Amino acid sequence: MLLEPEVALGAQADLAESPVWDGREAVLRWVDINRGEVHRFDPATQRDSAVALGGTVGSVGLAASGELVVAHGDRFVLLDPATGARRALGSFRADGGLVRFNDGKVDPWGSFHAGTMHRTVDAPVAALYRCYADGRVTEVLPGVTCSNGLDWSPERDRLHYVDSVRGAVQCFRTDPDDGRLLERAGVLEVPGPGAPDGMCLDRDGFLWVALWGGGEVRRVSLEGDVDRVVKLPVSNVSSVAFGGAQLDELYITSARESLSAGQLATEPHAGDLFWCRPGCVGLPPHAFG
């Protein structure tokens, strides 16, 4: 099945990422990584606003306190989206001269997973981290090159994870009680152009994978079969999330980053936020803490 999306917001973001539906206000939260902004898009009014944090902002998640948990630059912070006030979570710092935070997501156990990526070259010096509500941070996966999309199975016994340079979705067994990574459980190749980027699961256990450089989002079964394809008018598709009151709407982020002037001329919607009805239902996002 081929799906044709609409432009939900002419965002013209440099590098939009980490969309997450905030049912508390019926809005979509998302970030523009390179501009250091955390955005709030209200589909009912078509209005988008942003809090500028400076530096880079890799990803955002919902917090049970009403705040947002953010991977900002090289550390984790809690952000009050109404006032812009933020406070550091613990004292952890990644090596900001070498890496920056990238995609992340709150897990079913109330902690925030976010990974890093090398700033200048493709080298396995990054990692996936887990930040707990008390500010403790543990390294979950070392030796990562470009940490990207991730999501957990509804049964909480699997983590699906993308290191974009590896070009596939890795699967790990997790402890359903506390989320500890237990062992690697296979690799899922995602057919199609481009490299796997952001990702989420739907209620039926299928993966929705954004293909950076490929201009598509693909719905893939755990056996590797492609079920549906969302074809976008842009090359750099960065991430995907379910939203709407019934979680039956699909929001897709994109980027202008790394495109030449000629490419931007042929892709006027690069960096925009897209929307479609995929014909299936997503899973509700978890809350930090």
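The values are calculated or read from the model by the stated rules, or taken from the named source; none is laboratory data. Quick caveat: nothing in here was measured; it's all calculated off a predicted structure. Backbone-built Cβ (ideal geometry, glycine too); neighbour counts: all protein chains shown.
Listed here are the residues, each with its yes/no results for (1) over 23 Å from Asn34 (Cβ atoms); (2) crowded, with 18+ Cβ neighbours inside 10 Å; (3) within 16 Å of the chain's Cα centre (by Cα).
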residue	(1), (2), (3)
Leu159	yes, yes, yes
Gly214	no, yes, no
Val237	no, yes, yes
Leu250	yes, yes, yes
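Of the listed requirements (1) closer than 20 Å to Tyr129 by Cβ; (2) surrounded by fewer than 21 Cβ atoms within 10 Å (Cβ to Cβ); (3) not aliphatic (A, V, I, L, M), Asp80 misses just one: (1). Considering (1) farther than 22 Å from Val60 by Cβ; (2) in contact (Cβ under 8 Å) with a residue 40 or more places away in the chain; (3) assigned to a loop (DSSP other than H, G, I, E, B), the lone condition that Pro285 does not fulfil carries the number (1).
For region 175-182, does any single residue satisfy the condition of being under 19 Å from Gly115 (Cβ atoms), out of contact with any Leu (no Cβ under 6 Å at 6 or more places or on another chain), surrounded by fewer than 17 Cβ atoms within 10 Å (Cβ to Cβ) and touching a residue at least 40 places away in the same chain (Cβ under 8 Å)?
Looking for residues that are under 19 Å from Gly115 (Cβ atoms), out of contact with any Leu (no Cβ under 6 Å at 6 or more places or on another chain), surrounded by fewer than 17 Cβ atoms within 10 Å (Cβ to Cβ) and touching a residue at least 40 places away in the same chain (Cβ under 8 Å), one finds at least one in region 175-182, hence yes.
Could you go through region 63-70 and let me know if any residue there is without any contact (Cβ under 8 Å) to a residue 60 or more places away in the chain, under 27 Å from Glu216 (Cα atoms) and in a strand (DSSP E or B). Within region 63-70 (the criterion being without any contact (Cβ under 8 Å) to a residue 60 or more places away in the chain, under 27 Å from Glu216 (Cα atoms) and in a strand (DSSP E or B)), the answer is yes, since at least one residue qualifies. Scanning region 2-21 for residues that are closer than 18 Å to Cys276 by Cα and surrounded by fewer than 18 Cβ atoms within 10 Å (Cβ to Cβ), which turns out farthest from the chain's Cα centre (by Cα)? It comes out as Leu2. Scanning region 37-85 for residues that are under 20 Å from Leu247 (Cβ atoms) and at pLDDT below 95 yields a total of 0. Restricted to region 111-198, the set of strands (runs of 3 or more DSSP E) holding at least 3 residues that are β-branched (Val, Ile, Thr) and under 30 Å from Glu67 (Cβ atoms) comprises 137-144. Scanning region 94-137 for residues that are under 14 Å from the mean Cα position of the chain (by Cα) and either surrounded by fewer than 20 Cβ atoms within 10 Å (Cβ to Cβ) or modelled with pLDDT under 95 (or both) yields a single hit, Met117.
In region 213-226, the residues that are part of a strand (DSSP E or B) reach residues that are modelled with pLDDT of 95 or more and of a type in the set (Lys, Arg) with C-beta atoms within less than 8 angstrom, at least six apart or across chains, in these pairs: Glu216/Lys231; Arg218/Arg228; Arg219/Arg228; Val226/Arg218; Val226/Arg219.
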